[in-house]
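The values are calculated or read from the model by the stated rules, or taken from the named source; none is laboratory data. Because the structure is predicted, anything quoted here is derived from the model rather than measured. Quick reminder, even Gly has a Cβ in these numbers, built from the backbone with ideal geometry, and neighbours come from all protein chains shown. Accessible surface areas use protein heavy atoms only, side chains included; no ligands, DNA or RNA. Shrake-Rupley method; radii C 1.70, N 1.55, O 1.52, S 1.80 Å.
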Amino acid sequence: PNEAIVALQGNVKVKSVDGLEVESDVLHYNQREDVASSDVLVKFTRAALSGSSIGAILYAKTKTLALMKDAVVINSSPPSQDKSGKHPPVEVRSGRADYFEHDGIIKFTGETVVRQGPQVARADSITGIFKPQTRDVDRIEFRGNSSLRDEEPGRVSTLYPRFEGRVESFDRAHAGTS
């Protein structure tokens, strides 16, 4: 048996020194590589951030996290506010998510949907680029089939990109309103 591998099973709850709390039925930890992984449902919270995924791998040395399948990430205290001045939570759902803290990148792939109140963004993949020191978002890139939609009561408008591929801006001239 490899003494560097620790296998935990049955209602596993782990809390790190930086406040990350993880729950799963199964968790494997490689002490030598400082890598934690699970192939089953994993739930996590850290301050205002929470989420889940089927399977996850955390590389503690490089501060890299892979949410393997059916990734859900919720920020319950986002900086952006809606027209009423409220700060509704931001929920992101995708097939997979990868977080690279040192590089300042979070990438959601596979039918990604972002919702904040009545606003919805959809794309094949969405990548957030942020400042690693402050975690402030620098920019967000949409790739593939993408749209922005505002579903305010009594008025729905949708913006589509001007061209295929990487989307840096949306054009109101191509907006559909219903």
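Straight-line cross-link reach from LYS69 at under 16 Å between alpha-carbon atoms covers these lysines, not counting any fewer than eight positions away in the same chain: LYS43, LYS107. Computed over neighbours whose Cβ is under 9 Å from that of VAL14, the net charge equals 0, Lys and Arg +1, Asp and Glu -1. Among VAL35, VAL137, VAL120, the residue with the largest mean-square fluctuation in a Gaussian network model of the chain, with springs joining Cα atoms closer than 10 Å, is VAL137. Projecting label points 7 angstrom from Cα along Cα→Cβ for LYS131 and SER16 puts them 2.2 nm apart.
Given +1 at the Cβ of Lys and Arg, -1 at the Cβ of Asp and Glu and no other charges, the dipole of the chain around its Cα centre is 340 debye to the nearest 20. Shown is the FRET efficiency for ASP150 and LEU49, computed with R0 = 35 Å from the Cβ-Cβ distance and rounded to the nearest 0.05: 0.90. Spacing of the modelled spin labels on LYS86 and ALA7, each 7 Å from Cα toward Cβ, amounts to 4.8 nm. In this view, the solvent-accessible surface of ARG115, computed with a 1.4 Å probe and all protein chains in place, comes to about 100 Å².
Using a 7 Å offset from Cα along Cα-Cβ at ILE105, what residues in segment 114-149 end up with backbone N under 20 Å from the label point? In segment 114-149, the label zone of ILE105 (backbone N under 20 Å from the point 7 Å along Cα→Cβ) covers 123-145.
TYR29 contributes an accessible area of around 80 Å² to the protein surface, as traced by a 1.4 Å probe with all chains present.
Our summary gives the chain a relative contact order of 10 percent, counting only alpha carbon pairs under 8 angstrom and 6 or more residues apart.
Shown here for segment 1-39: trypsin sites (Lys or Arg not before Pro) in loop regions (DSSP other than H, G, I, E, B) with at most 15 other Cβ atoms within 10 Å, namely ARG32.
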